[in-house]
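Taking it in order: structure first as structure tokens, then the write-up.
The values are calculated or read from the model by the stated rules, or taken from the named source; none is laboratory data. Note that the coordinates shown come from a computational prediction; the quantities given were computed from them, not determined experimentally. No Cβ is skipped: glycine too gets one built from the backbone with ideal geometry, and neighbour counts run over all protein chains shown. Ligands, DNA and RNA are stripped out before the accessible areas are found, and what is left, the full protein with its side chains, is counted by its heavy atoms. Shrake-Rupley method; radii C 1.70, N 1.55, O 1.52, S 1.80 Å.
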Amino acid sequence: MIGRKGMGRASPILLVLLALGFFFASYNLLTVVIHNKASYSGLWGADRLIEPVIQRHGNAKNSKYHVALTATDAPYSQWQCRIMYYWYKKVKDMPGSDMGKFTRVLHSGNADNLMEEIPTVVVDPLPGGLDRGYIVLNRPWAFVQWLEKTTVEEEYILMAEPDHIFVNPLPNLAHGNSPAGYPFFYIIPAENEKIIRKFYPEEKGPVTDIDPIGNSPVIIKKSLLEEIAPTWVNVSLRMKDDPETDKAFGWVLEMYAYAVASALHGVRHILRKDFMLQPPWDLEVGKTFIIHFTYGCDYNLKGELTYGKIGEWRFDKRSYLSGPPPRNLSLPPPGVPESVIRLVKMVNEATANIPGWNTLTSG
């Protein structure tokens, strides 16, 4: 029997500490981005990357995919889910979209006040203390439970996150038993071979067989995810339990765990750079499909990025840990990249049209 972790309200002091922690973690990651962005496209062989073109796959009986969004009942997660679901509904039936139904997989163990607004299935978090404060460790366990208790009509599943916004209609990028994933420049199994070998033994093959991905965004055949998900849970817990691995992988541990679990099942992903863009580093939207607003966007009034320093103009999701951002956020100053402008405009459109935006509280 899976126990349910006790859920309590966060104190203002805790929220401040969390905000500071998020800021410094983001700053360190931004520094990594700055130093590695130039070599981003050279980390994988050309045969592993697919150019940004829409490919239609006629070999699948049902090319539709189910959008599965893992989330908690915290206000920080809720407001992002509401924006994400708004844009799902907006692009779902547009030409070029293979979107099917939508499920928010709520791994807080209890129903919340978005149950009627967003299609939701409630699952349990890991037993108390097992996640060791690493909340995303609940994600693989959430997928295992959801797949066991739910009948998914679509043949494929898109694993998504609250801070994803659909900026263009998203087709099914998978091809048969080959899932589609986004290549993250900081997931580099070959540079962590000593650690990877603890979980991916030599007899399984070279570490280059492990894709440079996380679990999201990924479009994958449902039957494959049903096989991989339990392994993903076990690898995640083993990695978290190993001090060397936990220290080396930090906040991307669960991403490495999914990559390793997939490789253990012999699954390779089609790597799609056009799957997602991440402002402020990706400057143009173009034909990409998802905006991932995980990084803070800080600019001075000249439109210059201030690299982890709080700007005169900023948009950072971590500024809204305890509640949603206000409607009608100010637009960036002249000179800011189109990707950031588009992000803020899309947030503003969603918040202007979602009923009760400023009144929703967790519960």
(request) Just add up the charged neighbours of Ile291: K/R +1, D/E -1, any other residue whose Cβ is under 14 Å from the Cβ of Ile291. (result) -2
(message) Taking 0.36 nm per residue of sequence separation and subtracting the Cα-Cα distance, how much length would be gained by fully extending the chain between Tyr307 and Thr359, in nm to one decimal?
(response) 15.4 nm
(message) For Lys309, give me every one of the lysines with a C-alpha distance below 25 angstrom, ignoring sequence neighbours fewer than eight places off in its own chain.
(response) Lys37, Lys317, Lys345
(request) Return the whole-Å distance between the Cα centroid of region 302-330 and the Cα centroid of region 172-192. (result) 30
(request) Could you please put Glu155, Glu284 in sequence from largest to smallest accessible area, using a 1.4 Å probe? (result) Glu284, Glu155
(message) Using only the heavy atoms of the protein chains and a 1.4 Å probe, how would Arg238, Arg268 rank by accessible area, largest first?
(response) Arg238, Arg268
(request) Tell me the label-point distance for the pair Met115, Lys204, using the 7 Å Cα-to-Cβ offset, in nm and rounded to one decimal. (result) 3.9
(message) What does the extension gain come out to for Ser319 and Lys89, with contour length at 0.36 nm per residue minus their alpha carbon separation?
(response) 80.2 nm
(request) Below 24 Å Cα-Cα, how many Lys pairs turn up in region 94-225? Only count pairs eight or more apart in sequence, or on different chains, if you could. (result) 8
(request) Return the distance in nm (one decimal) between the two label points of a simple spin-label model at His265 and Asn300, each offset 7 Å from Cα along Cα→Cβ. (result) 5.0
(message) I'd like the Karplus ³J(HN,Hα) series for region 281-288: coefficients 6.51, -1.76, 1.60, θ = phi - 60°, whole numbers in Hz, and an x wherever there's a Gly or Pro.
(response) 6, 8, 8, 10, 6, x, 9, 5
(message) I need the shape label for region 229-317. Rule: rounded when a/c is under 1.5, else prolate if a/b > b/c, else oblate, with a, b, c from the alpha carbon gyration tensor.
(response) oblate
(request) Heavy atoms only, probe 1.4 angstrom, no DNA, RNA or ligands counted: give me His265, His107 ranked by accessible area, highest first. (result) His265, His107
(message) Let me cross-check Tyr256: its accessible surface, 1.4 Å probe, with only protein heavy atoms counted, in Å² to the nearest 10?
(response) 10
(request) Please calculate the 1.4 Å probe accessible area of Ser262, with all protein chains present, and give it to the nearest 10 Å². (result) 0
(message) Quick check: pseudo-label points 7 Å beyond the Cα along Cα→Cβ at Glu148 and Arg132, how many nm apart are they?
(response) 2.4
(request) Any chance you could look up the accessible area of Phe289 with a 1.4 Å probe, heavy atoms only, rounded to 10 Å²? (result) 10
